[in-house]
Amino acid sequence: MRIGMLSRKRNYRYSKLENYLIPNMKIYSPKQIYEADKATIAKEGIPSYNLMERAGGYIYEWMHKRLQGQQVPIKVFCGIGNNGGDGLVVARLLLKNGYNVDAYIVNCSDKRSPDFLKAYDELKSASKKWPELIKKEEDFPAITPNDIVVDAIFGIGLNRCPEDWVKKLFVKINDSKAYVLSIDMPSGMYADRGLQKDDVIIHSAFVLSFQSPKLAFFLPETGKYITMWDVLDIGLDPEFLANTETDTVLIDKPDIQRIYRQRPQFTHKGMYGHSLIIGGSYGKMGAIILAAKAALRAGSGLVTAYVPQIGVPILQTAIPEVMVETDNFNGKVFEEIDFQTEANAIAIGPGMGTDEKTVDAMSAFLKAQKAPIVIDADALNILAKRPSLMEQVPDLSILTPHPGELERLIGKWDDDFDKLEKTAKFAKKHNIIIVIKGAHTITVYDYKLHINTTGNPGLSTAGTGDVLTGVITGLLAQGYHPMEAALMGVYHHGLAADIAINQYAVEGLIASDVTAFLGRAYMDLFAKPEHEQQQ
């Protein structure tokens, strides 16, 4: 077997990791937001209530810009903390400017924050239309589908389950079909832990989140309660925010623009790396075709597919641009992984199967690896089947599991926050990068979460994961650092799908469409917005 030759000959030339962690948007924890409040108050020398007035004023301006004085019924439901105080400021400003507003105090505790009390007094002084107190289910007002509901009951400070009558109010708001605008967080949603069995969350049509979005917005269990969100910059101390490190960041176009490296004019294919994609088995050659073609579309100068011998005519016919190597057995699955290709990046797993012979072949393969590899699909299932193999996975390798594969790797979790914590610990233990595929794919490395902002439900179709594997491998082969390759690969994969659905719709999208639109994704990276083009 010639496996050992690979580690001696391969030329690993990926870049150093520089500046990719300067994110366009950080996601702050509740504790960090409270600290930012304090820093702002101290630096500006203002009472804390001024921040409440500022926040409420921005919310009012956001609403007024869209309503333009329309006399739609607005019902503002306020808790008795600072989130409720924000709601009272909004209600006062709406009333002052002639809107049709009813305010309600959800009396969920006898404790009221000082700023809430001041906001309450300000509202009573400014209008004869005082808030109504809600203490029990019998106090609930009628809510119709024609109403706008401003949800200012609980914010990021929620740390216990609301009383049953409060949860019934949430249900009533949800059942009303009214348009719901939540301030900072949908009431009932926790900022830093998952849902419990009996929790109830207000379903928000729109959330106005202060200073940054919340992690809960991007997780499957909680994000489904939010249709849209926007961030309101309420003027918290920019120096404090800039100097505050966060565990979670949002990856958007400016972050990928910093990673991208433009090609010089005088180049050749050898300068952009050789990708080796290992995979395929009887009946599953499509996966390796998708991955190999995506590696080419991502910019890899050369691509070789390593498959069982039965796959040669299929690969040579389907992708003439791709070279093919095979094992030395004329079977339907891998019995060895023995190749001569001098690759700059290797991916393993798409369509490979988990036959015992294949497990043994992968075990021998891993022992010979020294540089990062991309591990997906059946290769992940093999790692779960034989956990001791994780010790052989090279540092900074990129694992790309969907939720089922992730569970087999790290075990069951209680909720999405627990899932992220267990994933981060697993990644840290093995010094690897884990790409958790989903509606908002999250890349985990060194206890940091990187949330992707591209992609759509059209990606929920067979083979799109294989395409992602190929894209990441193609970028790794070109010399991008493994973390850069993961972030850029996930972003471009999702962006290609976003562009493709304009032609195919989410229902009609298939994996090969994503590959076909990868070039358009590159073009979009530096395309000017339409309004600039028109100018």
When every residue in region 183-215 that is touching a helix residue (DSSP H, G or I) at 6+ places or on another chain (Cβ under 6 Å) and without any contact (Cβ under 8 Å) to a residue 60 or more places away in the chain is compared, the one nearest to residue 34 (Cα to Cα) is 189
For region 510-532, does any single residue satisfy the condition of being in a helix (DSSP H, G or I), small (Gly, Ala, Ser) and in contact with a strand residue (DSSP E or B) (Cβ under 7 Å, 6 or more places away or on another chain)? no
Exactly one of 351, 411 is small (Gly, Ala, Ser), more than 28 Å from residue 481 (Cβ to Cβ) and out of contact with any Cys (no Cβ under 6 Å at 6 or more places or on another chain), and that residue is 411
Filter region 286-331 for residues that are in a loop (DSSP other than H, G, I, E, B) and touching a Gly at 6+ places or on another chain (Cβ under 8 Å); the one that is surrounded by the fewest Cβ atoms within 10 Å (Cβ to Cβ) is 301
If we keep only residues of region 158-170 that are modelled with pLDDT under 95 and under 18 Å from residue 183 (Cα atoms), then the residue surrounded by the fewest Cβ atoms within 10 Å (Cβ to Cβ) is 159
Only one of (1) at negative phi; (2) out of contact with any helix residue (DSSP H, G or I) (no Cβ under 7 Å at 6 or more places or on another chain); (3) free of Cβ contacts under 8 Å to residues at least 24 places away in the same chain; (4) not aromatic (Phe, Trp, Tyr) does not apply to residue 41, and that is (2)
Within region 141-159, the residues that are within 15 Å of residue 106 (Cβ to Cβ) and out of contact with any strand residue (DSSP E or B) (no Cβ under 8 Å at 6 or more places or on another chain) are 154, 157, 158
Could you please let me know if residue 515 is open to solvent by less than 10 Å² (accessible area, probe 1.4 Å) and more than 18 Å from residue 456 (Cα to Cα)?
no
Next on the checklist: Among the residues that make up region 327-339, is at least one of them of a type in the set (Phe, Trp, Tyr) and within 16 Å of residue 389 (Cβ to Cβ)?
Outcome noted: yes
- Scanning for something at pLDDT 95 or above and touching a strand residue (DSSP E or B) at 6+ places or on another chain (Cβ under 7 Å), does region 491-504 turn up at least one residue? yes
Among residues of region 260-285 being modelled with pLDDT of 95 or more and of a type in the set (Val, Ile, Thr), the residue surrounded by the fewest Cβ atoms within 10 Å (Cβ to Cβ) is 278
Conditions (1) of a type outside the set (Gly, Ala, Ser); (2) touching a residue at least 40 places away in the same chain (Cβ under 8 Å); (3) buried (at least 21 other Cβ atoms within 10 Å of the Cβ) -> residue 220 fails only (3)
Residue set 65, 96; condition closer than 20 Å to residue 184 by Cα and among the basic types (Lys, Arg); output residue 65
Within region 171-199, the count of residues that are open to solvent by 40 Å² or more (accessible area, probe 1.4 Å), under 26 Å from residue 146 (Cβ atoms) and not acidic (Asp, Glu) comes to 4
Taking region 411-444 and keeping only residues that are open to solvent by 30 Å² or more (accessible area, probe 1.4 Å) and over 20 Å from residue 249 (Cα atoms), one is left with 412, 413, 414, 429
Counting only residues in region 344-369 that are touching an Asp or Glu at 6+ places or on another chain (Cβ under 9 Å) and of a type in the set (D, E, K, R), the one most open to solvent (accessible area, probe 1.4 Å) is identified as 357
Taking region 58-88 and the residues there that are touching an Asp or Glu at 6+ places or on another chain (Cβ under 8 Å) and part of a loop (DSSP other than H, G, I, E, B), the one that is farthest from residue 161 (Cα to Cα) would be 72
Note: among 86, 151, 110, 102, just one is acidic (Asp, Glu) and open to solvent by less than 10 Å² (accessible area, probe 1.4 Å), namely 151
Among (1) touching a strand residue (DSSP E or B) at 6+ places or on another chain (Cβ under 6 Å); (2) at negative phi, residue 280 falls short only on (2)
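One line per residue, one yes/no per condition, for (1) buried (at least 24 other Cβ atoms within 10 Å of the Cβ); (2) under 23 Å from residue 341 (Cβ atoms); (3) more than 15 Å from the chain's Cα centre (by Cα); (4) not charged (D, E, K, R):
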| site | (1), (2), (3), (4) |
| --- | --- |
| 464 | yes, no, yes, yes |
| 482 | yes, yes, yes, yes |
| 491 | yes, no, no, yes |
| 499 | no, no, yes, yes |
| 502 | no, no, yes, yes |
| 506 | no, no, yes, yes |
The condition of being within 31 Å of the chain's Cα centre (by Cα), at pLDDT 95 or above and either part of a helix (DSSP H, G or I) or farther than 21 Å from residue 187 by Cβ (or both) holds, among 91, 39, only for 39
For region 124-140, pairs from a residue that is more than 12 Å from residue 101 (Cα to Cα) to a residue that is part of a helix (DSSP H, G or I) and of a type in the set (Lys, Arg), with Cβ under 7 Å and 6 or more apart or across chains, are 126/92; 126/96; 137/168; 140/172
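The values are calculated or read from the model by the stated rules, or taken from the named source; none is laboratory data. For clarity, every value in this text was computed on a predicted model and none was experimentally measured. All Cβ positions, even for glycine, are placed from backbone atoms using ideal geometry, and neighbour counts span all protein chains on display. Accessible surface is based on the protein model in full, side chains and every heavy atom, while ligands, DNA and RNA are left aside. Shrake-Rupley method; radii C 1.70, N 1.55, O 1.52, S 1.80 Å.
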